[in-house]
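Have a look at the structure below before the remarks.
Values quoted throughout were computed directly from the atomic coordinates according to the rules given, and no laboratory measurement underlies them. Computed from a prediction, not measured in an experiment: that's the story for all the values here. Using ideal geometry, Cβ is built from the backbone for each residue, glycine included, and neighbour counts are taken over all protein chains shown.
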Amino acid sequence: MKLLVTGGAGFIGANFVHATVRERPDVDVVVLDKLTYAGDRATLEAVADRITFVEGDCADTALVSQLVGDLAAGGEDAAVVHFAAESHNDNSLSDPWPFVQTNLLGTYALLEAVRAHGVRYHHVSTDEVYGDLPLADPADDPARERFTADTPYNPSSPYSATKAGSDLLVRAWARSFGIRATISNCSNNYGPWQHVEKFIPRQITNILDGVRPKVYGAGTNVRDWIHVDDHNRAVWAVLGRGRVGQTYLIGADGEANNLRVVRALLEIAGQDADAYDLVSDRPGHDLRYAIDASLLREELGWRPLHSDLESGLKATFDWYRDNEAWWRPRKAATEAKYAQLGR
Ligand code: NAD
Ligand code: DAU
């Protein structure tokens with residue numbers, strides 16, 4: 001099988017490439033990545049001789065058409081897995097343009113290429129396209145509302161609006177042009193190689209630097225955490241056994257509010273669980289995300305392997321402690337950006 005993986009030098013894409021090389025040695029992987037601030041070739045160093053790396057923009061129609069054409073020439077068993085995106089909500093509030101450019105025009109370029117060359121396409125998307133849900137505690141309210149594939153789209157930020165737009169392009173290309181596409185909408189990922197701008201790595205690296213974690217607002221916002229390897233195993237399940245035209249939601253029943261996560265990280269570090277600062281809130285901050293993944297579980301037989309959030313946080317904390325050389329070059333610039341926002 002031949003795969004074109006866009007965004008393979010970013011967090012989830014790189015974990016996908018590592019897992020694929022490790023577990024599916026018969027798959028030929030070509031990575032297309034623009035190497036924005038969020039992409040890093042060092043992340044792929046250990047597999048560099050097992051993959052083909054192309055530095056370029058997924059919105060470059062000529063380049064994308066050539067790469068997808070090469071893929072198609074290799075035979076029937078080829079697919080594009082589209083991870084590349086501008087992915088951080090806070091950045092989209094400061095400057096939405098790169099989000100429109102990459103998330104909408106990049107997806108458009110890939111859709112036109114798979115249409116022209118008849119290649120299977122999987123679109124990696126987010127639960128944020130559905131907007132947010134009212135706060136609810138799984139322990140008190142097992143029947144609480146969660147997102148399903150039928151939840152209406154209602155994005156809040158420029159990031160989630162451009163991801164929603166990209167999903168709608170995929171649906172239109174599937175219906176009007178018959179491209180062989182699937183979509184997955186996943187909840188918040190954690191694990192190795194996540195940029196230090198994101199919540200969990202930011203707080204781990206703050207703690208390692210002797211800086212108090214920074215929690216937006218009152219810290220009561222809920223995210224539905226999933227280990228990145230579980231997300232990527234679900235992407236493989238959809239790619240292999242998913243129904244063309246179908247949307248699958250990916251989540252591991254990992255709802256936790258931000259205070260619980262920060263307190264757990266402080267405890268892992270052997271510090272006072274209250275040693276964090278509440279800082280100004282993110283504008284338009286979504287309250288709660290929660291996924292009903294029953295279609296993925298029942299139809300494709302997928303199950304998460306990492307079901308205990310605290311032990312996943314401990315492994316992630318240890319990874320950042322042991323891999324400072326990877327994250328250190330980005331830490332100061334990231335914190336300077338947050339300082340300008342007063343967070
Ligand atoms: P990331 O920001 O860590 O990585 C994005 C990668 O895409 C980087 O390597 C970057 O260089 C590359 N890229 C950006 N613009 C590009 C362009 N124009 N052309 C080619 N490459 C480009 O993002 P991530 O967290 O790994 O997210 C990957 C995908 O998963 C995104 O589509 C995101 O919307 C989706 N997603 C993320 C999460 C999460 O919790 N992080 C959850 C659900 C879905
Ligand atoms: O739900 C999936 C989405 O999860 C993905 O589509 C996005 O690409 C990914 O970035 C993530 O979006 P969030 O906005 O939920 O993630 P982030 O890590 O930025 O923030 C998680 C929560 O933590 C959110 O409630 C905001 C809060 N937060 C974040 C930062 C960076 C803080 O309290 N303090 C912080 O310093």
Task: Dipole magnitude (debye, nearest 20) for the stretch 97-250, charges at Cβ of Lys, Arg, Asp, Glu - done: 580
Task: Charged-residue dipole, Cβ positions (Lys, Arg, Asp, Glu), the chain about Cα centre, Debye nearest 20 - done: 420
Open item on the list: Taking the Cα centre as origin and putting +1 on Lys and Arg beta-carbons and -1 on Asp and Glu beta-carbons, what dipole magnitude results for the stretch 295-343, to the nearest 20 debye?
Closed with: 340
- [ ] Pull up the DSSP beta bridges for the chain and report the antiparallel fraction as a percent, rounded to 5.
- [x] 10
- [ ] Taking the chain as the reference, fit the longest principal axis to its C-alpha atoms, fit the long axis of helix 309-322 to the helix C-alpha atoms, and give the angle between the two in degrees, 0 to 90, nearest 10.
- [x] 90
Open item on the list: Modelling each spin label as a point 7 Å along the Cα-to-Cβ direction, I'd like the Trp97/Glu267 distance in nm, to one decimal.
Closed with: 4.6
Task: ³J(HN,Hα) computed for each position of the stretch 42-56 - Karplus, 6.51 cos²θ - 1.76 cosθ + 1.60, integer Hz, glycine/proline x - done: 4, 5, 9, 3, 5, 10, 4, 8, 10, 10, 10, 10, 10, 8, x
Open item on the list: Pick from Thr52, Thr205, Thr107 the residue whose mean-square fluctuation is largest in a GNM of the chain, springs joining Cα atoms under 10 Å.
Closed with: Thr52
TODO: Considering Cα pairs under 8 angstrom that are at least six residues apart, work out the relative contact order of the chain and quote it in whole percent.
DONE: 17
Open item on the list: What distance in nm lies between label points placed 7 Å from Cα along the C-beta direction at Val211 and Tyr153?
Closed with: 3.6
Task: Amide H partners (placed H, <5 Å) of Cys186, local residues excluded - done: Ser125, Thr126, Asp127, Ile250
TODO: With everything on Cα atoms, drop me the angle between helix 199-208 and the longest principal axis of the chain, reported from 0 to 90° to the nearest 10.
DONE: 50
TODO: Can you tell me the 0 to 90 degree angle between the C-alpha axis of helix 107-117 and the longest principal axis of the chain, rounded to 10?
DONE: 30
TODO: Could I have the simple spin-label model distance between Ala218 and Val54, label points 7 Å from Cα toward Cβ, reported in nm to one decimal?
DONE: 5.0
